[in-house]
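Structure record follows, encoded as structure tokens.
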Amino acid sequence: MTPRPGARLRVALASRPREVRDTLFLLAVLAGALLPQIREVPPWCAALAYAALGWRAWLAWQGRPLPGRGWRLVLLAGAAAGTYLSHQTLLGRAPGLTLLVVLAALKTLELRARRDATVVFFLGFFLVLANFLVSQSLAMGLAMTLSVWALLAALVLAPLPQGRPPIPPAFG
């Protein structure tokens, strides 16, 4: 009998320290909150945002150090330049949304302390609100309700004491 596809992943996650599991959960929640913005931002922005989230997830999974200040400054300058080239300005709804998406993802590359995680939580909430600048449909409302629920679960997990608190009870 072969194991279910998700069983290996659950076992691998259970063997990781809690900090890694919480970081991966937060990254997954942020990736979900970014998803509705993909149609509204330039392709390079979506690619950079998801590349940054993937890079941060890989660093957490491997237990590697975060990128230095130089790398983060280069990515920031690239995001600002790309936004300016795409929109011919850094001001307004479209360039603001582009910067919000890419900078929220880049913020995860300096996610070291709970203070940084709190900033990422609230950037996620701001991304949820920004989705309503684009669409106020029922489907968007339901999707954003799920995003807020997941962000609140991640926020509940953050201050819990060390140990192995499971993620599912945080959704309650």
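The values are calculated or read from the model by the stated rules, or taken from the named source; none is laboratory data. Small disclaimer: the values here were computed from a predicted structure and weren't measured. Methodologically, a virtual Cβ is constructed for each residue, glycine included, from the backbone with ideal geometry; neighbour enumeration extends over all protein chains shown. These area figures cover heavy atoms from the full protein model, side chains too; ligands, DNA and RNA do not enter into them. Shrake-Rupley method; radii C 1.70, N 1.55, O 1.52, S 1.80 Å.
Things to note:
- Charged side chains reduced to their Cβ positions (Lys and Arg at +1, Asp and Glu at -1) give region 56-135 a dipole of some 260 debye around its Cα centre.
- Whole-Hz Karplus values for region 86-100 come out as 6, 10, 6, 6, 10, 10, x, 5, 5, x, x, 5, 4, 5, 4 Hz, taken residue by residue from phi with 6.51 cos²θ - 1.76 cosθ + 1.60 and θ = phi - 60°; glycine and proline positions read x.
- Potential extension, residue 47-residue 19 segment - 0.36 nm per residue separation minus Cα distance: 7.5 nm
- When the alpha-carbon atoms of region 10-151 are used, the pair Rg, Dmax equals 15.2, 48 angstrom.
- Magnitude of the charge dipole, region 23-172, Cβ model with Lys/Arg +1 and Asp/Glu -1, debye to 20: 360
- Dipole axis of region 34-162 (+1 Lys, Arg; -1 Asp, Glu on Cβ), positive-most option in 99, 45, 63: 63
- Of all accessible heavy-atom area on region 100-139, the percent that carbon and sulfur account for (1.4 Å): 69
- Straightening the chain between residue 69 and residue 118 buys 15.6 nm, computed as 0.36 nm per residue apart minus the Cα-Cα spacing.
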